[in-house]
Amino acid sequence: MLGKQSIQFEKRPYIISSASVVGSKEAQGPMGELFDKAGYDDKFGGKTWEEAESILQKEALEIALSKAELTKQDLQMVFAGDLLGQSIASSFGMAGYQLPHVGLYGACSTCGLSLTVGSMAVSGGFVEKAACITSSHFASAEKEFRYPLAYGNQRPKSATWTVTGSGAFVLSSKPGKKTRAVIEGATVGKIVDYGIKDSMNMGACMAPAAADTIRQNLEDFGREPKDYDKIITGDLGEVGQSLLFDLLSEKQIDITRQHMDCGIEIYDGEKQHTDAGGSGCGCSAAVLSAYILKKIEEGIWKRVLFVPTGALLSKTSFNEGQTIPGVAHGVVLEYYEG
């Protein structure tokens, strides 16, 4: 342990492979050419939106294993999660692999959560290779948390668009033929609740948790924002980004030069009409695999703080009038010099 909430790995895990699979809308965005695969049928050959999300995960893992020249038998454990009730996208998606399965739920922060827990297992010597997978789907998320698509409700400008996508990452205790990044450490986030109840403003729900985790990471590692080439949140969108800057400025922390948000970058908001930006488990995961790790692997960025953010609500809690707490997990990624 380092400081109050962070872990610094003595034996650093390596990300030796990754893959991203997205839907048609994401493929038409600014990063479209970087994703490994795009499905122009957003059911991906399945019968339901939920089945489509399971297919997303399977295809992402298959591509990631293929890139690393591995088979499923080379993995000792899978860490997976999604947004749906009881994580059914992950459980049905990974069932055919017949691998030890650790189901995780961190809402849209699940990519950071899975990389953190997977890294602990690899660094601790419990497994040599593990896969970390997460996904989201616009239609399944709308059905789960808001309104069925057929209802045709209007969306406020504060709403974020749930990304249809999946990211899969292969962690290893040893470098691979093509190591994408090294995981130096992680800051496990706390649940932060500012009493917000608006499910159409995820950025406001999650920004306080992001601010808390970023501040704690800097304190625990004894760093300043300039020590990171980028500080990247997952799902805040334009509203959440503005709130994040305000909250950190109260602590005399300025990350405006280093900050990037996956939800802002994945879409062209004006052309694609995505309101405040993107969100969902698949948002940060797909952008991490396709764009962030590419920059790190090429040595353009030497050290990145990756902070996916999650809003911890359910249909039950929302309908009972509960608030929407947030959580954010920070993962420190570094360039592998070989």
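The values are calculated or read from the model by the stated rules, or taken from the named source; none is laboratory data. Note that the structure is a prediction, hence the values are computed from the model and not measured. For neighbour counting, all protein chains shown are included, and Cβ atoms are generated from backbone atoms with ideal geometry for every residue, glycine included.
Name the residue, out of Leu65, Leu61, that is in contact with a helix residue (DSSP H, G or I) (Cβ under 7 Å, 6 or more places away or on another chain), in a helix (DSSP H, G or I), in the same structural domain as Ser135 (by TED's automatic domain parsing) and among the hydrophobic types (A, V, I, L, M, F, W, C).
Working: Leu61 fails: in contact with a helix residue (DSSP H, G or I) (Cβ under 7 Å, 6 or more places away or on another chain).
Result of the check over Leu65, Leu61: Leu65.
For the stretch 25-46, taking the residues that are modelled with pLDDT under 95 and loosely packed, with under 15 Cβ neighbours inside 10 Å, the one that is nearest to Arg223 (Cα to Cα) is identified as Tyr40. Of the helices (runs of 4 or more DSSP H) lying entirely inside the stretch 263-338, those carrying at least 2 residues that are within 26 Å of Leu84 (Cα to Cα) and in the same structural domain as Thr213 (by TED's automatic domain parsing) are 269-272, 281-287, 315-319. Consider the stretch 183-231 and keep the residues that are part of a loop (DSSP other than H, G, I, E, B) and of a type in the set (Phe, Trp, Tyr). The one that is farthest from Cys111 (Cα to Cα) is Tyr194.
Please indicate, with yes or no, whether at least one residue in the stretch 89-100 is of a type outside the set (Ser, Thr, Tyr), surrounded by 15 or more Cβ atoms within 10 Å (Cβ to Cβ), outside the structural domain of Thr316 (by TED's automatic domain parsing) and within 16 Å of the chain's Cα centre (by Cα). Taking every residue of the stretch 89-100 in turn, at least one turns out to be of a type outside the set (Ser, Thr, Tyr), surrounded by 15 or more Cβ atoms within 10 Å (Cβ to Cβ), outside the structural domain of Thr316 (by TED's automatic domain parsing) and within 16 Å of the chain's Cα centre (by Cα).
Kindly establish whether Phe245 is free of Cβ contacts under 8 Å to residues at least 24 places away in the same chain, under 21 Å from Ala276 (Cβ atoms) and of a type in the set (A, V, I, L, M, F, W, C). Yes.
Glu270 meets all of the listed conditions (1) surrounded by fewer than 24 Cβ atoms within 10 Å (Cβ to Cβ); (2) over 29 Å from Asp36 (Cβ atoms); (3) at pLDDT below 95 but one, namely (2). Of all residue pairs spaced 6 or more apart or on separate chains, those with beta-carbon atoms under 8 Å, a first member in the stretch 311-336 that is within 30 Å of Glu184 (Cβ to Cβ) and a second member that is of a type in the set (Asp, Glu) are Pro325/Asp193; Gly326/Asp193; Ala328/Asp212; Val332/Glu184; Leu333/Glu184; Glu334/Glu184; Tyr335/Glu297; Tyr336/Glu297. Of note, Val331 does not satisfy the criterion of being among the β-branched types (Val, Ile, Thr), more than 23 Å from Ala181 (Cα to Cα), touching a Gly at 6+ places or on another chain (Cβ under 7 Å) and buried (at least 24 other Cβ atoms within 10 Å of the Cβ). Among residues belonging to the stretch 142-177 that are out of contact with any Asp or Glu (no Cβ under 8 Å at 6 or more places or on another chain) and within 30 Å of Tyr336 (Cβ to Cβ), point out the one that is surrounded by the fewest Cβ atoms within 10 Å (Cβ to Cβ). Among those residues, the one meeting the criterion is Pro175.
Taking the criterion of being under 12 Å from Gly263 (Cα atoms), modelled with pLDDT under 95 and of a type in the set (Ser, Thr, Tyr), the only residue of the stretch 276-333 that qualifies is Ser279. A single member of Phe306, Phe245 is closer than 24 Å to Ile191 by Cβ, within 11 Å of the chain's Cα centre (by Cα) and not small (Gly, Ala, Ser), and it is Phe306. Across the stretch 255-274, a minimum of one residue is classified as among the hydroxyl-bearing types (Ser, Thr, Tyr) and either within 15 Å of Ser158 (Cα to Cα) or in contact (Cβ under 8 Å) with a residue 24 or more places away in the chain (or both). Taken over the stretch 147-171, residues that are touching a helix residue (DSSP H, G or I) at 6+ places or on another chain (Cβ under 7 Å) and modelled with pLDDT of 75 or more amount to 13.
Cβ separations smaller than 6 Å between residues 6+ apart or across chains give the following pairs from the stretch 4-29 residues that are outside the structural domain of Asn217 (by TED's automatic domain parsing) to residues that are in a loop (DSSP other than H, G, I, E, B) and of a type in the set (Phe, Trp, Tyr): Ser20/Phe35; Val22/Phe35; Ser24/Tyr40; Gly29/Tyr267.
Looking across the stretch 80-122, the residues that are more than 16 Å from Thr164 (Cβ to Cβ), assigned to a helix (DSSP H, G or I) and small (Gly, Ala, Ser) come down to Gly85, Ser87, Ser91, Ala95, Gly96, Ala107, Ser109, Gly112, Ser114, Gly118, Ser119, Ala121.
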